[in-house]
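Comments concern the structure below.
Please treat every number below as a calculation from the coordinates, not as lab data. Computed from a predicted structure; not experimentally measured. Because the Cβ atoms are built from the backbone with ideal geometry, glycine has one as well, and the counts that use them run over all protein chains shown.
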Amino acid sequence: MKPLEDYLVVDFSQFLSGPSASLRLADFGARVIKIERPETGDICRHLYTSNVIMNGESSVFHAINRNKESFAADLKNPQDREYITELVRQADVVMHNYRPGVMERLGFDYASVKQLNPGVVYGEISGYGTEGPWRDKPGQDLLLQSVSGLTWLSGNASHGPVPMGLSIVDMLAGAHLAQGLLACLVRRSVRGEGGLVQVSMLESAFDFQFETITTFYNDGSVLPVRTEHNNAHAYLGAPYGIYQTSNGYLALAMGSIPVLGKLLSCNPLLAYTEVSEAFSKRDEIKVTLADHLRTGTTEQWLTILEPADIWCADVLTWDRLMQHDGFKALDMLQGVTMTDGYQYQTTRCPVRIDGELLTSPKGSPKLGQDNEALLQEIANLKAARHDA
């Protein structure tokens, strides 16, 4: 039995951040009902990150909304609002990622929902928080990466600000919301109290940088300086970075420069005997190392470095990764099926509980596919309450 079986989540969220949180709750066994707009549904259904269309909709939607139900309802329609109200009465968790003030206007904010369901755990994600001059700005990932300082940590010094190639702030905010909701569910099981969990994408982006921001505040407010060559971390010295070889790339983490010089037969590196030089002279060290590593293959260098316990790795592309036994051993992919029979491969939950993988064969929902069943369920709930 999964730990959240018999828990009901009513999820008003769309795009990536909120749905990534409800995905994790679904992985843990919760029943997740997506509340979607009629006709258009979650905008993420048509948010294409490539030209891949899966069963008429975006691959992003299918990846992040598997194992959920869909209820299409117009939140401004009195009859639909009545249906939603009944679901909210029964929910263990209600969540959304609308901008501040939207749920208040719709009448499904925390205060309103708590009146219907005093023990509810209510979660919300905003872009910039509920206060301050940015509160009404759109919570879009690239914009959050940009205003949070995150883009000054990747890329080489001459490249300007470089964003990460993932919607990382969306995913972090979703993870933080899931953590907060789980914490409140634990508290509710102990004390019988519900609660309000609030996460902003901006705060999640700040938390993601806890290491570098702490360094900034305790280092005289000196801005991070990326290396001109092979940068991988603005606050770490050589050899930290990714280097081109004669047939690919090699990642090198922390390590003694003279030791590397000896192992790689790169004599110029033997001159850097002071530990501090790994940072103070990191650009010149990296240039020397980069030139030398291009003279051999990735496999050649790994054969030398790995037995010496040097932290290094091949830099794999997805096609090579997924053929590797190290990837296959984790059994990270699962096949899921939609109600119309469409099947697709996607990732599974990365968490194991009691040694078991948390998988589900249930694919993403068609828009409104569960309306009929849920309307019957709602009618039964209302009848039972009336009889009581």
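Calculate I(q)/I(0) for the chain by the Debye formula, one identical point scatterer on each C-alpha and no solvent, and give its log10 at q = 0.08, 0.13, 0.15 Å⁻¹ to two decimals.
-0.54, -1.13, -1.33
May I ask for the percentage of alpha-carbon pairs in region 188-286 that lie more than 16 Å from each other?
68 percent
Stretched out fully, how many nm does the piece from ARG320 to SER146 gain, at 0.36 nm a residue minus the Cα gap?
That works out to 59.4 nm of additional length.
Each residue of region 321-335 in order: what ³J(HN,Hα) in whole Hz does its phi give by Karplus 6.51 cos²θ - 1.76 cosθ + 1.60, θ = phi - 60°, with x for Gly and Pro?
With coefficients 6.51, -1.76 and 1.60, one gets 4, 6, 9, 7, 4, x, 6, 4, 5, 7, 6, 7, 9, 9, x Hz.
What is the gain in length, in nm to one decimal, between TYR235 and MET254 on full extension, counting 0.36 nm per residue of separation less the C-alpha to C-alpha distance?
Fully extending the segment from TYR235 to MET254 adds 5.7 nm.
I'd like the FRET efficiency for MET164 and SER246, computed as 1/(1 + (r/R0)^6) with the beta carbon distance as r and R0 of 45 Å, rounded to 0.05.
0.95
How do MET95, MET54 rank when sorted from fewest to most other Cβ atoms within 10 Å of their own Cβ?
Least crowded to most crowded, the residues run MET54, MET95.
Can you spot the lysines whose alpha carbon is less than 28 Å from LYS2's alpha carbon? Ignore those fewer than 8 places along the same chain.
Candidates past the 8-residue exclusion: LYS34, LYS68, LYS114, LYS328, LYS362, LYS366.
Name the residue, out of ALA173, ALA91, ALA308, whose mean-square fluctuation peaks in a Gaussian network model built on the chain with Cα pairs under 10 Å.
Judging by the Gaussian network model, the answer is ALA308.
Provide the net charge surrounding ASP331, with neighbours chosen by a C-beta distance below 14 Å and charges set as Lys +1, Arg +1, Asp -1, Glu -1.
+1
Do the sum for the chain: with -39,500 (n - 2.57) for every DSSP H run of n ≥ 4, divided by all residues, what is the mean residue ellipticity at 222 nm, to the nearest 500 deg cm²/dmol?
-10500 deg cm²/dmol
HN-Hα J couplings of region 197-202 from phi, Karplus 6.51/-1.76/1.60, θ = phi - 60°, integer Hz, Gly and Pro as x?
With the stated coefficients, region 197-202 comes to 10, 10, 10, 10, 4, 5 Hz.
Obtain the nm distance between the two label points defined at ILE213 and TYR342 by a simple spin-label model: each point lies 7 Å from its Cα along the Cα-to-C-beta direction.
3.9 nm
In a Gaussian network model over the chain where Cα atoms closer than 10 Å are linked, find which of VAL162, VAL315, VAL275 has the largest mean-square fluctuation.
VAL275
May I ask you to compute the full-extension gain from GLN90 to VAL222, defined as 0.36 nm times their residue separation minus their alpha-carbon distance, rounded to one decimal in nm?
In short, 42.3 nm is gained.
Say each of LEU47 and GLN376 gets a label point 7 Å from the Cα, pointing the same way as Cα to Cβ; how far apart are those two points in nm?
It works out to 3.3 nm between the two label points.
In the neighborhood of GLN244, defined by Cβ-to-Cβ distances under 13 Å, what is the net charge if each Lys or Arg adds +1 and each Asp or Glu adds -1? Before the final figure, lay out each step's value.
Numbers: positive: LYS286, ARG294; negative: ASP291, ASP314.
With Lys, Arg at +1 and Asp, Glu at -1, the neighbours total 0.
Note the direction-averaged projected area, equal to a quarter of the hull surface, for the Cα convex hull of region 241-315, in nm².
4.2 nm²
Taking 7 Å along the Cα-to-C-beta vector as the label spot, tell me the LEU106-MET1 distance in nanometres, rounded to one decimal.
3.3 nm
Applying a 10 Å radius around every beta-carbon, put 56-66, 106-116 in order of their mean neighbour count, most first.
Packing order, densest peptide first, comes out as 56-66, 106-116.
What FRET efficiency comes out for VAL190 versus LEU333 if R0 is 45 angstrom and r is the Cβ-Cβ distance? Round to the nearest 0.05.
Values: r = 37 Å, r/R0 = 0.82.
Once the sixth-power term is evaluated, E becomes 0.75.
Can you give me the long-range amide H partners of TYR7? Hydrogens built in the peptide plane at 1.01 Å from N, cutoff under 5 Å, separation of 5 or more residues or another chain.
ARG31
If amide H atoms are built 1.01 Å from N in the plane of the peptide, which residues on other chains or at least 5 residues away come under 5 Å of the amide H of MET54?
Close amide H contacts, sequence-distant or interchain: SER59.
For the chain, modelled as a GNM with alpha-carbon contacts under 10 angstrom, which of ASP325, ASP354, ASP219 fluctuates the most?
Of ASP325, ASP354, ASP219, the most mobile in the Gaussian network model is ASP354.
Per-residue HN-Hα couplings for region 156-168, Karplus 6.51 cos²θ - 1.76 cosθ + 1.60 at θ = phi - 60°, whole Hz, x for Gly and Pro?
After applying 6.51 cos²θ - 1.76 cosθ + 1.60, I find 7, 4, 8, 8, x, x, 10, x, 6, x, 9, 7, 5 Hz.
Report the antiparallel proportion of the DSSP beta bridges in the chain as a percent, rounded to a multiple of 5.
40 percent
Within a 10 angstrom radius of the beta carbon, how do TYR342, TYR272 rank from fewest other beta carbons to most?
Going from sparsest to densest Cβ surroundings: TYR342, TYR272.
Give the long-range amide H neighbours of GLY123: residues separated by 5 or more places, or on another chain, with amide H under 5 Å away, using H modelled in the peptide plane at 1.01 Å from N.
The list, which skips near neighbours in sequence, is VAL94, MET95, HIS96, VAL197.
With the dipole of the chain worked out from charges on the C-beta (+1 for Lys and Arg, -1 for Asp and Glu) around the Cα centre, which of VAL120, SER200, ASN267 lies farthest toward the positive end?
VAL120
When SER276, SER13 are ordered from fewest to most other Cβ atoms inside 10 Å of their Cβ, what list results?
By the 10 Å Cβ count, ascending: SER276, SER13.
I want the local charge near ALA205. Using Cβ-Cβ distances under 15 Å, sum +1 for each Lys or Arg and -1 for each Asp or Glu among the other residues. The partial results should precede the final answer.
On the way: positive: LYS137; negative: ASP141, ASP170, GLU203, ASP207, GLU211.
For residues surrounding ALA205, the net value is -4.
Is there a quick way to get the dipole size of region 241-315? I mean about its Cα centre, with the Cβ of Lys and Arg at +1 and of Asp and Glu at -1; what is the value in debye to the nearest 20?
With only Lys, Arg, Asp and Glu charged at Cβ, the dipole is about 120 debye.
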